[in-house]
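The values are calculated or read from the model by the stated rules, or taken from the named source; none is laboratory data. Values in this document were obtained by computation on a predicted structure and should not be read as measured data. We place every Cβ from the backbone using ideal geometry, glycine too, and count neighbours over all the protein chains shown.
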Amino acid sequence: MLKVAFIVNHFPLLSETFILNQITGLLERGHQVDIYTCTPGDLNKVHPDVEKYCLLERTYYLPEIPQNFLKRSLKAIGLLSINFTKAPRKLLRSLNGFKYGKSATSLRLFYAAIAGADKGAYDIVHCQFGTLSFWGMLFRTINAPQAKLVVSFRGYDISQFIQEHGDRIYDRTFVEADLFLPNCDFFKRRLLKLGCDEKKICVHYSGIDCDRFQYTPRYRHSHQKICIATIGRLVEKKGIEYSIRAVAKIVKSCPNLEYKIVGCGSLQTELEQLIQELDLNNIVHLLGKKNRQEIIEVLQASHIFIAPSITARDGNQDAPVNVLKEAMAIGLPVISTYHGGIPELVEDCVSGFLVPERDAEAIASKLQYLIAHPEIWNIIGAAGRERVEKYFNMQNLNDELVDIYQKVSSD
């Protein structure tokens, strides 16, 4: 049995089912998982598996480290008085500047010791985003020095974060961590360009539970509305502006349309205004945040799915989008973009269509083609389902993750 510490940004979070799938997969395979999170997630809309596996009982909170050293010191005194009896030797050891240098004198190692004060050793410390590797290095140093440090890269951490902090931000991580798991080849190439040792890199896709997404052939009945769906946060990199504009371009020739957009985010007001400006209020509907079952119901009721991802101005990029996998698993013909790792999921003209980023005209053209040729919906849908089952099946990928852990543990 492996004992694994997951370090995550927020938990639980509906939009990060890829992390939840790994946690439950490891538990089902008899391994132990503890979850360390920087911030509590959304407890109002919780995935059923959080309750099924009692995951909140496995969740511990990483203390916020004040930037101001005086405030950090005062807070540390309070934390020490509360937690000292849990692990006195470990907490005192974390203050040893002769052994640990700046990590100790800055008190950052002490905060990491607080997080794992009364926990045993781990075999694996797995940082679920590259940005958490800095926490992971501290956590391992004081709580599990024999553990292997594994770091996943998923999108923002290998795109926007690099643009904000420079190409050298992960230099220390590349030296100290034992293994890096980019979730697509596109991000593997980015890691190599940044100077990461190729021997430490293993591409590991994020999977979905294909059994939860029943494949259903798509047909268009006469006089039936064509239902289009997009699911994603209302933020720039999801490119939803361009799919809305695409619908506006074809609505006169294809008036019997309904476009449902599931998600919330900072661009909601801007997109509402765009819908009004384009006179699409009766066609395009922003449905807000939905839980997992509600999302499946939207997908099942749709004919076509669009994932118009783009590279945001701040550099943020996507890997193969999970909800795109879900749409393909259900059997929807999909339209997406030549963006990030998406071409590793969607094979153009086989399991879906790909168009250039920010090209509403190209999206509109593919939409018109699909609407005019409903006889190909099932051909594309079947190819999409097959591709997801072959490369993105959660069960296979969780088996692979255990193999990866065991291999790095034995090195």
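Within region 1-33, take every residue that is modelled with pLDDT of 95 or more and charged (D, E, K, R) and give me the one that is surrounded by the most Cβ atoms within 10 Å (Cβ to Cβ).
Within region 1-33, the match that is surrounded by the most Cβ atoms within 10 Å (Cβ to Cβ) is LYS3.
Residue-wise test of (1) hydroxyl-bearing (Ser, Thr, Tyr); (2) modelled with pLDDT of 95 or more; (3) closer than 16 Å to VAL321 by Cβ.
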| site | (1), (2), (3) |
| --- | --- |
| GLY155 | no, no, yes |
| ILE162 | no, yes, no |
| GLY166 | no, yes, no |
| THR173 | yes, yes, no |
| LEU179 | no, yes, no |
| CYS184 | no, yes, yes |
| ARG189 | no, yes, no |
| LEU194 | no, yes, no |
| ASP197 | no, yes, no |
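Inspect region 277-294 for any residue being more than 22 Å from LYS390 (Cβ to Cβ) and buried (at least 22 other Cβ atoms within 10 Å of the Cβ) and give the result as yes or no.
We begin by selecting, within region 277-294, every residue more than 22 Å from LYS390 (Cβ to Cβ); these are 277-294.
In the following step, the residues that additionally are buried (at least 22 other Cβ atoms within 10 Å of the Cβ) were identified as 284.
There is at least one residue in region 277-294 that is more than 22 Å from LYS390 (Cβ to Cβ) and buried (at least 22 other Cβ atoms within 10 Å of the Cβ).
Yes or no, residue by residue, for (1) among the hydrophobic types (A, V, I, L, M, F, W, C); (2) at pLDDT below 95; (3) part of a loop (DSSP other than H, G, I, E, B); (4) over 22 Å from ILE380 (Cβ atoms):
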residue: LYS249; (1), (2), (3), (4): no, no, no, no
residue: ILE261; (1), (2), (3), (4): yes, no, no, no
residue: GLU326; (1), (2), (3), (4): no, no, no, no
residue: VAL346; (1), (2), (3), (4): yes, no, yes, no
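Name every residue in region 49-97 that is surrounded by 12 or more Cβ atoms within 10 Å (Cβ to Cβ) and part of a loop (DSSP other than H, G, I, E, B), in order of residue number.
The answer is TYR53, LEU62, PRO63, ILE65, PRO66, PHE84, LYS86, ALA87, SER94, LEU95, ASN96.
Look through region 227-249, keep the residues that are β-branched (Val, Ile, Thr) and within 14 Å of ALA364 (Cα to Cα), and return whichever of them is nearest to the chain's Cα centre (by Cα). Working first, answer last.
Step one: of region 227-249, the residues β-branched (Val, Ile, Thr) are 228, 230-231, 235, 240, 244, 247.
Adding the requirement that they be within 14 Å of ALA364 (Cα to Cα) leaves 228, 240, 244, 247.
On the way: ILE228: 23, ILE240: 18, ILE244: 24, VAL247: 28 Å.
Step by step, filter region 227-249, then rank; the result is ILE240.
If you go through region 257-286 one residue at a time, how many are in contact with a helix residue (DSSP H, G or I) (Cβ under 9 Å, 6 or more places away or on another chain) and within 23 Å of ILE371 (Cα to Cα)?
Counting residues in region 257-286 that are in contact with a helix residue (DSSP H, G or I) (Cβ under 9 Å, 6 or more places away or on another chain) and within 23 Å of ILE371 (Cα to Cα) gives 14.
Quick one: in region 161-202, which of the residues that are without any contact (Cβ under 8 Å) to a residue 24 or more places away in the chain and surrounded by 16 or more Cβ atoms within 10 Å (Cβ to Cβ) is farthest from the chain's Cα centre (by Cα)? So that I can check it myself, show each step before the final result.
Residues of region 161-202 without any contact (Cβ under 8 Å) to a residue 24 or more places away in the chain: 165-166, 168-169, 175, 188-189, 192-193, 197-199, 201.
Still in the running and surrounded by 16 or more Cβ atoms within 10 Å (Cβ to Cβ): 169, 188, 201.
Numbers: ILE169: 21, LYS188: 16, ILE201: 19 Å.
Result: ILE169.
Say we look at region 296-321 and pick out the residues that are in contact (Cβ under 8 Å) with a residue 24 or more places away in the chain, out of contact with any strand residue (DSSP E or B) (no Cβ under 6 Å at 6 or more places or on another chain) and assigned to a helix (DSSP H, G or I); which of these is farthest from PHE153 (Cα to Cα)?
GLN300
Is it true that some residue in region 366-380 is closer than 24 Å to GLY155 by Cβ, in the same structural domain as ASN256 (by TED's automatic domain parsing) and either hydrophobic (A, V, I, L, M, F, W, C) or out of contact with any Pro (no Cβ under 6 Å at 6 or more places or on another chain) (or both)? Don't jump to the end; show me each part of the working.
To start, the set of residues in region 366-380 that are closer than 24 Å to GLY155 by Cβ comprises none.
The answer is no; no qualifying residue exists.
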